[in-house]
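One structure is given below, encoded as structure tokens.
The values are calculated or read from the model by the stated rules, or taken from the named source; none is laboratory data. Treat the numbers as computed from the prediction; the structure is a model and nothing was measured. Ideal geometry is used to build each Cβ from the backbone, glycine not excepted, and the neighbour counts take in all protein chains shown.
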């Protein structure tokens with residue numbers, strides 16, 4: 001199916017310099033944006049970097065919409081694009097930020113400040129996530145946060161299922177150990193959960 | 001050795017084990033307090049991770065991303081460029097696609113959410129009593145499986161009913177009214193999670209009874225075929241808390257969990273990824289995990 005034909009039964013709109021974009025394709029993309037942002041936030045560790053990452057993924061997806069195969073999972077396809085772009089960024093530049101910068105960036109979101117202790121504890125969780133190697137972080141986010149199966153995650157990352165299992169195991173154990181080493185954060189989170 | 005043990009527990013926690021191996025792990029957890037403790041720690045770390053990233057789901061999607069998804073040129077950073085799009089993703093999805101109506105929840109769902117996770121979190125004390133503990137765990141697992149079978153069966157019946165979801169209390173313009181009415185029949189007040197960011201519209205509530213306890217079945221529909229109709233069951237439970245646990249009956253997916261005396265289940269045919277996201281959203285809104 002060519003990009004000009006668009007998806008079956010889907011009207012086309014002519015847009016800027018990217019050629020026709022099917023409304024249905026855009027609808028699918030918009031529907032998955034919140035999850036893409038969450039995934040990107042977990043990967044990049046920053047609000048602004050995550051949105052830049054998602055925007056770049058949208059642009060790439062539109063440019064390659066003809067490559068998407070109907071009947072396959074659209075969200076998995078998008079996760080793969082986000083992950084690929086992020087890995088490229090990691091390889092081309094050291095995008096890791098100092099912990100303080102990350103926390104400040106996150107706390108700078110529009111959400112009103114509330115339950116400060118709980119937020120600090122959750123920031124500790126995010127920092128623990130940021131300390132994981134990129135491949136472990138990706139596997140952990142796709143399986144535990146996005147709820148994908150090992151097989152689906154392996155297809156996105158393009159490694160064997162056994163590799164995903166290994167990365168996941170190391171990531172979960174490392175995350176748990178880091179959280180155990182942050183008793184203040186744990187206590188605060190439990191307090192918040194009890195509210 | 002510890003690594004192998006962790007691998008088994010993690011695969012169990014992720015719902016990646018087949019039934020036979022799953023039962024082996026449950027039997028192991030039933031008799032090994034250290035393994036139960038290890039499982040609980042892994043589950044807690046997972047719960048914290050999900051919670052740490054949940055807020056992203058609730059934030060309005062920036063216009064520049066919606067513009068990018070529509071193929072409109074937009075600056076990478078927010079600027080004075082004005083884009084003719086609505087700011088809320090939910091409103092867009094909700095208005096766009098009338099597709100399918102109808103998901104009643106049927107009777108008889110909740111109460112005995114004991115299941116696979118019970119072994120590591122719930123039956124610890126019972127297990128100290130050897131055979132009696134194992135028997136209790138077995139019965140709890142069987143009851144949970146029966147409940148899941150029923151939930152999936154009723155769901156499919158409801159879906160096949162088409163455009164007339166059988167709800168006892170239909171949603172009015174103010175859906176809180178429906179919740180107030182059904183809460184009068186329940187031991188605890190039921191709050192309504194707003195799932196409009198997912199394009200899900202509240203259609204009404206139904207009072208169901210399971211295990212001798214009343215529960216509320218909240219019915220949501222959407223015109224988004226990728227998600228489809230969903231039901232959220234909120235009941236009470238005296239069983240220990242468990243993290244969201246995935247199960248499947250044919251083409252029906254279920255996520256169920258317990259938190260502070262309440263039992264929850266999200267039932268639908270959406271991909272598990274969507275269910276996880278929506279369940280995270282519900283838990284965040286209701287402080288339910």
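Anything in the range B:48-79 that is in contact with a helix residue (DSSP H, G or I) (Cβ under 7 Å, 6 or more places away or on another chain), farther than 27 Å from residue A:140 by Cβ and at pLDDT 80 or above? List them, or say none.
B:64, B:66, B:70, B:71
Part of a strand (DSSP E or B), buried (at least 24 other Cβ atoms within 10 Å of the Cβ) and under 13 Å from the mean Cα position of the chain (by Cα): is that true of residue B:254 in this structure?
no
Quick check on residue A:104: is it at pLDDT 90 or above and closer than 23 Å to residue B:57 by Cβ?
It is false that residue A:104 is at pLDDT 90 or above and closer than 23 Å to residue B:57 by Cβ.
Scan the helices (runs of 4 or more DSSP H) fully inside the range B:2-72 and keep the ones with 3 or more residues being farther than 12 Å from residue A:172 by Cα and within 7 Å of chain A (Cβ to nearest Cβ).
Where helices (runs of 4 or more DSSP H) fall fully within the range B:2-72 and carry at least 3 residues being farther than 12 Å from residue A:172 by Cα and within 7 Å of chain A (Cβ to nearest Cβ), they are B:33-58, B:63-69.
Okay, residues lined up against (1) buried (at least 22 other Cβ atoms within 10 Å of the Cβ); (2) within 7 Å of chain B (Cβ to nearest Cβ); (3) not in a helix (DSSP H, G or I):
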site	(1), (2), (3)
A:26	yes, yes, no
A:32	yes, no, no
A:36	yes, no, no
A:39	yes, no, no
A:43	yes, no, no
A:49	no, no, no
A:54	yes, yes, no
A:71	no, no, yes
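Looking at B:285, B:188, which is the one that is in a helix (DSSP H, G or I), surrounded by fewer than 19 Cβ atoms within 10 Å (Cβ to Cβ), in contact (Cβ under 8 Å) with a residue 40 or more places away in the chain and on the phi < 0 side of the Ramachandran plot?
Being in a helix (DSSP H, G or I), surrounded by fewer than 19 Cβ atoms within 10 Å (Cβ to Cβ), in contact (Cβ under 8 Å) with a residue 40 or more places away in the chain and on the phi < 0 side of the Ramachandran plot holds for just one of B:285, B:188, which is B:285.
Please specify each residue of the range A:56-69 satisfying the condition of being in contact with a helix residue (DSSP H, G or I) (Cβ under 9 Å, 6 or more places away or on another chain) and away from chain B (no Cβ under 12 Å).
Scanning the range A:56-69 gives A:64, A:67, A:68, A:69.
Looking at the range A:170-188, which of its residues are at pLDDT 85 or above and surrounded by fewer than 17 Cβ atoms within 10 Å (Cβ to Cβ)?
Within the range A:170-188, A:177 is the sole residue that qualifies.
I'd like the full set of residues that are more than 10 Å from chain B (Cβ to nearest Cβ) and assigned to a helix (DSSP H, G or I), limited to the range A:118-152.
A:120, A:130, A:131, A:134, A:135, A:136, A:137, A:138, A:139 - these are the residues of the range A:118-152 that are more than 10 Å from chain B (Cβ to nearest Cβ) and assigned to a helix (DSSP H, G or I).
Do you know which of the residues in the range B:192-221 that are assigned to a loop (DSSP other than H, G, I, E, B) and modelled with pLDDT of 85 or more is surrounded by the most Cβ atoms within 10 Å (Cβ to Cβ)?
Among them, the one singled out is B:200.
Looking only at the range B:39-48, decide whether some residue is surrounded by fewer than 18 Cβ atoms within 10 Å (Cβ to Cβ) and more than 20 Å from the chain's Cα centre (by Cα).
yes
Evaluate the range B:238-249: report whether one residue or more is at pLDDT 85 or above, in contact with a strand residue (DSSP E or B) (Cβ under 8 Å, 6 or more places away or on another chain) and either farther than 17 Å from residue B:198 by Cα or surrounded by fewer than 20 Cβ atoms within 10 Å (Cβ to Cβ) (or both).
For the range B:238-249, residues at pLDDT 85 or above, in contact with a strand residue (DSSP E or B) (Cβ under 8 Å, 6 or more places away or on another chain) and either farther than 17 Å from residue B:198 by Cα or surrounded by fewer than 20 Cβ atoms within 10 Å (Cβ to Cβ) (or both): absent.
Yes/no matrix, rows are residues, columns are (1) within 17 Å of residue A:141 (Cα to Cα); (2) at pLDDT 90 or above:
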{"residue": "A:17", "(1), (2)": "no, no"}
{"residue": "A:20", "(1), (2)": "no, no"}
{"residue": "A:23", "(1), (2)": "no, no"}
{"residue": "A:37", "(1), (2)": "yes, yes"}
{"residue": "A:40", "(1), (2)": "yes, yes"}
{"residue": "A:46", "(1), (2)": "yes, no"}
{"residue": "A:50", "(1), (2)": "yes, yes"}
{"residue": "A:55", "(1), (2)": "no, yes"}
